[in-house]
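Structure, as structure tokens:
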Amino acid sequence: MGRFVRIAVAVSLALGLAAAVRAQTEAPPAPTPTPPAPLSTDEKIRQLEQLLADTRAELAKLKESSSSAETNAKLEELSRRIDILAQEIQNLKMGEAAPALEAGVTAGEKTAEQYGVGPAAARVYEIKKGLSIGGYGEILYSNPASKDQSGAPSNLQDSITDLRAVVYIGYKFDQHFVLNSEIEYENAVVSSDDKGEAEVEFAYVDYTNSPAFNARAGLILIPSGLVNQLHEPTAFLGARRPDVDQLIIPTTWREIGAGFYGTYGPVSYQIYGINGLNAANYTAATGIREGSQEGSEALAQSWAFAGRLDYTATPGLLVGASVFSGDAGQGQYTPSGEKISALTTLVEAHADWRWRGLWVRGIYAHTTVAQADLINQLNNFEGAESVGSVQEGWYGQLGYDVLSLVSGSKMNLIPFARYEQYDTQAKVPVGYLRDPANDVHGWTFGAVYQPIPQLILKADWQQRHNEAQTGVNLWNVSLGYVF
């Protein structure tokens, strides 16, 4: 047992040293009259790595020399602590501002999960007081195939655009009150002759009471799915956001309201009351996406509930679910005078697992729209133009950071594959038709490269097939940044 005690002490000292290094990287050291000559971060990391290697060697010897049940349980605990230490060293290499692509869960991700916004947007919570400025951007090039899946000409052209340029502006008034906002410009130019837009993606005030209970009011991101709240380019794989995260779960989906959020141990929650959707803007091809009122002179006769619950079973493994439900009629009537309630309910379940270089995630989303027939009457939709009374989709994704195998690497290179399937007209009201073009499935294969945590280059190929045989494959390349 003497050897086991030495191992436990060594690991404890290593964890303590890692905590000390992290504290030094998070804030400037307190002034002292005669400070000792500090080690560089690289030197500290080398010391931690050597201590980790020595501890692993000792652990291996103990495994060979003992097999009692009690010792095995302690060995398992030591192995878990060694994994934590290894992740701590990786975090120090990448820096505390490391975004979500880093294997495991970084400090930035923990902050993002706690507050329901992206890592860069969450930085306002970490300052003591005053102004915080950040942002992100994406430039996207797309090269569609010249023919669709049936062999007919696609009639689509290559395009390149400054897809998003975003500025976060936050202000921490004191230890309790925080203002946070996101202002986004899309496609570079905003004018009557261009497709650009200028939008406030969120703007809210928080009262931060404790990790377990906080309040929020304003223009709020709906806590649905894996991308709607964490949508910075470094937070997801692929040059484009997954189709399910755009068409089944609208993105970037936000409404005005108020509610509460917090974390208690491994469980986090979000609960909001918000203005409802506007069913008059539902369509066959985009589902409920255009029903989002985005805080712009929104009709507020119908209201909704949004809630989310997540469980972090172990560092790096997140599972959870969310629900959005509320009437979307907004006091509107059909031409025949029948009032529309259009209760819309979206439920989804998600999982995200990151372990060392591995990244696996998946999601399933299901939406029901009551009185879809009345919405069709309101908009004079006929045949296959019908709004889907059921809309659903899912995807699974697997990626691996091959540079995680290279000792000392500060870069990420993640090949990945994603399969997704969705249908915005999974069911339609009696008397209407489904458009097979809205029943879509396909693969995305690609890779992302991060030379530093704040910059990311993505390239992928997307197979887009549908039951109407009109799907068009495309290549994408994007450059993203966060700050």
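The values are calculated or read from the model by the stated rules, or taken from the named source; none is laboratory data. Everything numeric in this text was worked out from a predicted model, so none of it was measured. So basically every Cβ, Gly included, is an ideal-geometry build from the backbone, and we count neighbours across all protein chains shown.
Can you say whether TYR207 is at pLDDT 95 or above, over 18 Å from SER296 (Cα atoms) and in a strand (DSSP E or B), as far as the supplied structure shows? Steps first, please.
Values: at pLDDT 95 or above: yes; over 18 Å from SER296 (Cα atoms): yes; in a strand (DSSP E or B): yes.
The answer is yes for TYR207.
Filter the range 255-292 down to the residues that are among the aromatic types (Phe, Trp, Tyr), without any contact (Cβ under 8 Å) to a residue 60 or more places away in the chain and more than 24 Å from ALA342 (Cβ to Cβ) and list them by number. So that I can check it myself, show each step before the final result.
As a first pass, look at the range 255-292 and keep what is among the aromatic types (Phe, Trp, Tyr): 260-261, 264, 269, 272, 282.
Now narrow it down to the ones that are without any contact (Cβ under 8 Å) to a residue 60 or more places away in the chain: 260, 264, 269, 272.
If the condition is that a residue be among the aromatic types (Phe, Trp, Tyr), without any contact (Cβ under 8 Å) to a residue 60 or more places away in the chain and more than 24 Å from ALA342 (Cβ to Cβ), then PHE260, TYR264, TYR269 are the ones that fit.
Only one of these is in the same structural domain as ILE183 (by TED's automatic domain parsing) and in a strand (DSSP E or B): LEU247, LEU219. Name it.
Details: LEU247 fails: in a strand (DSSP E or B).
None of the others qualify; the one that does is LEU219.
Table: residues versus (1) of a type in the set (D, E, K, R); (2) more than 14 Å from the chain's Cα centre (by Cα).
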position	(1), (2)
ASP193	yes, yes
ASN209	no, yes
ALA212	no, yes
ALA215	no, yes
LEU221	no, no
ARG241	yes, no
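Return the only residue of GLY396, GLY408, GLY446 being over 21 Å from THR286 (Cβ atoms) and either at pLDDT below 95 or basic (Lys, Arg) (or both).
Working: GLY396 fails: either at pLDDT below 95 or basic (Lys, Arg) (or both); GLY446 fails: either at pLDDT below 95 or basic (Lys, Arg) (or both).
Answer to the selection: GLY408.
State whether the residues of the range 454-472 include one that is without any contact (Cβ under 8 Å) to a residue 24 or more places away in the chain, within 30 Å of ALA120 (Cα to Cα) and assigned to a strand (DSSP E or B). Full working, then the answer.
Narrowing the range 454-472 to residues without any contact (Cβ under 8 Å) to a residue 24 or more places away in the chain: 457, 461, 463.
Add one more test, that the residue is within 30 Å of ALA120 (Cα to Cα), and what stays is 457, 461.
Going one step further and asking which of them are assigned to a strand (DSSP E or B), we end up with 457, 461.
Yes.
To keep it simple, each residue is scored yes or no on (1) more than 14 Å from the chain's Cα centre (by Cα); (2) closer than 30 Å to TYR400 by Cα; (3) aliphatic (A, V, I, L, M); (4) in a loop (DSSP other than H, G, I, E, B).
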site: HIS231; (1), (2), (3), (4): no, yes, no, yes
site: LEU237; (1), (2), (3), (4): no, yes, yes, yes
site: THR252; (1), (2), (3), (4): no, yes, no, yes
site: ILE256; (1), (2), (3), (4): yes, no, yes, no
site: PHE260; (1), (2), (3), (4): yes, no, no, no
site: THR263; (1), (2), (3), (4): yes, yes, no, no
site: TYR272; (1), (2), (3), (4): yes, no, no, no
site: LEU277; (1), (2), (3), (4): yes, no, yes, yes
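Return the pairs, sorted by first residue and then second, in which the second residue is at pLDDT below 95, the first residue lies in the range 430-453 and is assigned to a strand (DSSP E or B), the beta carbons are less than 9 Å apart, and the residues are 6+ apart or on different chains.
That search, which allows pairs on different chains as well, returns VAL448/LEU101; GLN450/PRO99; GLN450/LEU101; GLN450/GLU102.
Suppose we filter the range 445-479 for residues that are touching a Gly at 6+ places or on another chain (Cβ under 7 Å) and under 21 Å from LEU403 (Cα atoms); how many remain?
6
Mind telling me which of the residues GLY316, GLY257, GLY326, GLY320 ends up being more than 27 Å from VAL390 (Cβ to Cβ), surrounded by 15 or more Cβ atoms within 10 Å (Cβ to Cβ) and touching a Phe, Trp or Tyr at 6+ places or on another chain (Cβ under 9 Å)?
Working: GLY257 fails: more than 27 Å from VAL390 (Cβ to Cβ); GLY326 fails: more than 27 Å from VAL390 (Cβ to Cβ); GLY320 fails: more than 27 Å from VAL390 (Cβ to Cβ).
The conditions single out GLY316.
Condition (residue is at pLDDT 95 or above, in the same structural domain as LEU309 (by TED's automatic domain parsing), of a type in the set (Ser, Thr, Tyr) and touching an Asp or Glu at 6+ places or on another chain (Cβ under 7 Å)) applied to the range 182-194: is it met by at least one residue?
No, every residue in the range 182-194 fails to be at pLDDT 95 or above, in the same structural domain as LEU309 (by TED's automatic domain parsing), of a type in the set (Ser, Thr, Tyr) and touching an Asp or Glu at 6+ places or on another chain (Cβ under 7 Å).
Could you tell me which of the residues SER302, SER224, SER296 is closer than 27 Å to THR424 by Cα, surrounded by fewer than 16 Cβ atoms within 10 Å (Cβ to Cβ) and hydroxyl-bearing (Ser, Thr, Tyr)? If you could, list the steps in order and put the result at the bottom.
Numbers: SER302 fails: surrounded by fewer than 16 Cβ atoms within 10 Å (Cβ to Cβ); SER224 fails: surrounded by fewer than 16 Cβ atoms within 10 Å (Cβ to Cβ).
Checking each option against the conditions leaves just SER296.
Based on this model, can you work out whether ASP401 counts as surrounded by 21 or more Cβ atoms within 10 Å (Cβ to Cβ) and either touching a strand residue (DSSP E or B) at 6+ places or on another chain (Cβ under 9 Å) or assigned by TED's automatic domain parsing to the domain that holds ASN278 (or both)?
Working: surrounded by 21 or more Cβ atoms within 10 Å (Cβ to Cβ): yes; either touching a strand residue (DSSP E or B) at 6+ places or on another chain (Cβ under 9 Å) or assigned by TED's automatic domain parsing to the domain that holds ASN278 (or both): yes.
Yes: the conditions hold for ASP401.
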